[in-house]
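My structure is below; once you've seen it, I'll send some questions.
The values are calculated or read from the model by the stated rules, or taken from the named source; none is laboratory data. Just so it is clear, the structure is predicted and the values come from calculations on it, not from any experiment. Here the Cβ is made from the backbone with ideal geometry for all residues, glycine too, and neighbour counts use every protein chain on show.
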């Protein structure tokens, strides 16, 4: 078995901030950007979290604003263990356990 590829520390910190926020949501408002509570965040981390499927859309279809995203099982798994490999990475690496 190959060792796990570590994800950026900033991503784990970003997910921890979502979990610690009052409402536990990441919000995207068209024209206003990404927010965790009242704190604006750089778009790099939300895009990475979405592409790795660490957050799940909770406010209806994409494109309806504001979009509200919440941590899913992979997001919370990464917070608990820095060596955790999200399902999307395992699939991309061809090592998904069935």
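For (1) assigned to a helix (DSSP H, G or I); (2) under 11 Å from residue 15 (Cα atoms); (3) modelled with pLDDT under 85; (4) in contact with a helix residue (DSSP H, G or I) (Cβ under 7 Å, 6 or more places away or on another chain), each residue gets a yes or a no:
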site	(1), (2), (3), (4)
63	no, no, yes, no
68	no, no, no, no
77	yes, yes, no, no
84	no, no, no, yes
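Quick one: is residue 23 exposed (fewer than 15 other Cβ atoms within 10 Å of the Cβ), closer than 26 Å to residue 92 by Cα, over 13 Å from the mean Cα position of the chain (by Cα) and free of Cβ contacts under 8 Å to residues at least 40 places away in the same chain?
The answer is no for residue 23.
So, one more: Just a yes or no: is a residue in segment 37-56 assigned to a strand (DSSP E or B) and under 17 Å from residue 9 (Cβ atoms)?
yes
Another question, if that's okay. Go through segment 53-83 and report how many residues are without any contact (Cβ under 8 Å) to a residue 40 or more places away in the chain, more than 14 Å from residue 24 (Cα to Cα) and surrounded by 15 or more Cβ atoms within 10 Å (Cβ to Cβ).
3
Only residues that are in contact with a helix residue (DSSP H, G or I) (Cβ under 8 Å, 6 or more places away or on another chain) and not in a helix (DSSP H, G or I): list them for segment 9-36, please.
Keep residues of segment 9-36 that are in contact with a helix residue (DSSP H, G or I) (Cβ under 8 Å, 6 or more places away or on another chain), which gives 10-12, 14-16, 18-19, 24-26, 28, 34, 36.
Hits for segment 9-36 are 24, 25, 26, 28, 34, 36.
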